[in-house]
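First the structure, in the form of structure tokens, and then the observations on it.
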Amino acid sequence: MQPQWVPTEADIAQARITDFATFVEARTGVAAPDYRTLWQWSVDDLAGFWRAVWDYFELGEVAGEVISSMEMPGAQWFPGTRLNYVDQVIRQFRTDRPAILAIAEDAPIREVSWAELIDDTAALARTLRALGVRPGDRVAGYLPNIPEAVVAFLATASIGAVWSACGQDYSPKAALDRLGQLEPTVLITADGYRFGGKAHDKRADIAALQAGFAGLSGTIVVSQLGLEVADATLWRDAIATDEAAPAVITTEPVDFDHPLWIVFSSGTTGLPKGIVHGHGGVLLEHLKAVALQSDIGADDTFFWYTSPSWMMWNFQIAGLLVGATIVCYDGSPTYPAPDALWRIAAETKTTVLGTSPGYVLACIKAGAVPRAEHDLSALRTVGITGASLPTSSAVWLGANTGEHVQVNSISGGTDVVSAFIGGAPTVPAWPGELSTRFLGAALDAFDAAGQPVRDEVGELVITKPMPSMPVRFWNDPDGKRYHDAYFDMYAGIWRHGDWITITERDTVVVHGRSDSTLNRHGIRMGSADIYQSVERLPEIAEALVIGAEQPDGGYWMPLFIVLAPGAELTDDLKTRINTTIRTEVSPRHVPDEILVAPGIPHTRTGKKLEVPIKKLFQGADPARVVERSAVDNPDLLDWYATIRPATAP
């Protein structure tokens, strides 16, 4: 197999990461002629690497040491150093390009200048202070992906308060399960949103949140649909300024690990975990990931299709840290046509576009040819996350987006609000593989005995701390939930819960979640390999495979498929599915049964519910196996609860 993208000499020479390597050599004497050498130094000398990142981006004074303990959990980064995330955004002020391009389904592109962004942030921060918000207080967002959400986050962070948000597709219960834990001081919301050509009035849901938040001192509402919301201050009034006393942006210096935001786990089992990240850790990690790994800078337009419910929303804001223009799209990725994201990318002259494997597959099945139908001449990189990108989809992207467009598949998590693995502008991209381990991420693959393995499947582990690892979990005073989430398998080693293979060329293949591993006849397998082969068939819209151990010692591995419109599960289709899996994956992956399902349930961020469905098949109580409000279509759970392995061999 050959790489599908190889950096040119010009790519390498012009890359920010090459300039960083030169900076490192000049300061430390450490020469890094290639990426792998630079990565090895970055994990061998964590303190030296992260201090170099700090100094390279000129983040200010450092009070003392970089890291006082290498223990996990418990590492202490930059003790005594004070800063504010928002300062780095303010430093990027410019007049020649907008800060944000706002896209909606029913409106022309709206430009938000850097002056408007900073002025509105200053004005809103003043309003928040007037409502009693102080450092450490929480501000909750219940918002679409609009510029006002970015302003609300920046205003909150600027005064040392803590931001947390979810999208308005979440029901009031799902939102309260998350944001209600935080007892927010202020709620910032919108009267509704549009998706797929339909308006969604959220006034009743807002009222439910107002009633559910104890100690709420105020609600600020953005008018998206022109509706009146009771007991709320209009956004335009919250950011209004008096010419005689204009708002001036001021930031509160806080400790390196002072909470910046709280993001939530999927919450499929019990209340979602509130994951607290600090100002300094996020700032350093995002500068590294955006500027060095993704080569995003002041000349770029950065568009990732996301919502405030997902960590990629937080990640996209990092474009502002390097002076890039970010795109906020409030709408469906397939409205009014399947190629909507490519159209938006063309209209905004996006240089780095992010989406999901599912969207790419939908475009393939729709027969879209983005490069022929849209002007993508500005596009340099397509980022992919959320699930494994099949080889065939990677090849399709390479052929249908541009002559020299890098396909940058990344993998990480809400846990570190970043990626562990992905691309770099100086490293080739291989179809079906993630290009390399990110700088500063001491990533390895371990077997069950805790030994590193190569060219075979192992647990994804991080053997040394990262600055953006959680400061703590919310409402976890003794740290037990945090410890149990990552450190219960290997003492002092972060176990992420993914199956990966690190290849001899240092690329990484992600096979799926290790807690939903298929284990037939003692051979552990990843579900992602099956999805990649089956979901390419034109008759299959989506698939779900489960491996469930049975009380009698048996093992049942059904494959559930959602058929494309007009398709039927004939004997011929069954044969082709099994043959495809046997040929493209392995004979051991061939399922025991193929069953037609009315749909596949997902978390709100698009992850298939493999583990809860497996528990259902093992006889667990449906009421306890999954929190319904965390599921995109909870009614599907009732159908799966009726399925039992009566025909299992």
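Some notes on this structure:
- Of the residues making up segment 357-385, those that are touching a Gly at 6+ places or on another chain (Cβ under 8 Å) and surrounded by fewer than 20 Cβ atoms within 10 Å (Cβ to Cβ) are GLY358, ARG371, SER377.
- Total residues in segment 330-354 satisfying the condition of being hydroxyl-bearing (Ser, Thr, Tyr) and buried (at least 24 other Cβ atoms within 10 Å of the Cβ): the figure is 1.
- Of the numbered criteria (1) within 30 Å of MET312 (Cβ to Cβ); (2) modelled with pLDDT of 90 or more, the one ASP572 fails is (1).
- Listing of strands (runs of 3 or more DSSP E) fully contained in segment 92-151 that carry 1 or more residues being more than 26 Å from PHE195 (Cα to Cα) and in contact with a strand residue (DSSP E or B) (Cβ under 6 Å, 6 or more places away or on another chain): 138-142
- Condition met for THR250 (among the polar types (S, T, N, Q), surrounded by fewer than 22 Cβ atoms within 10 Å (Cβ to Cβ) and over 17 Å from PHE78 (Cβ atoms)): yes
- Test set (1) assigned to a loop (DSSP other than H, G, I, E, B); (2) more than 30 Å from THR436 (Cα to Cα) - ALA208 fails condition number: (1)
- Hits in segment 337-367 (condition: among the hydrophobic types (A, V, I, L, M, F, W, C), farther than 18 Å from ARG380 by Cα and within 22 Å of the chain's Cα centre (by Cα)): ALA340, LEU361, ALA362, CYS363
- For segment 368-391, the set of residues classified as among the hydrophobic types (A, V, I, L, M, F, W, C) and assigned to a strand (DSSP E or B) consists of VAL382, ILE384, listed by residue number.
- Given (1) touching a Ser or Thr at 6+ places or on another chain (Cβ under 7 Å); (2) assigned to a loop (DSSP other than H, G, I, E, B), number of the condition TRP163 does not satisfy: (2)
- Among the residues making up segment 62-72, those that are crowded, with 17+ Cβ neighbours inside 10 Å and part of a loop (DSSP other than H, G, I, E, B) are VAL66, MET72.
The values are calculated or read from the model by the stated rules, or taken from the named source; none is laboratory data. Computed from a prediction, not measured in an experiment: that's the story for all the values here. Cβ sites come from the backbone with ideal geometry, for glycine too, and all protein chains shown count toward neighbours.
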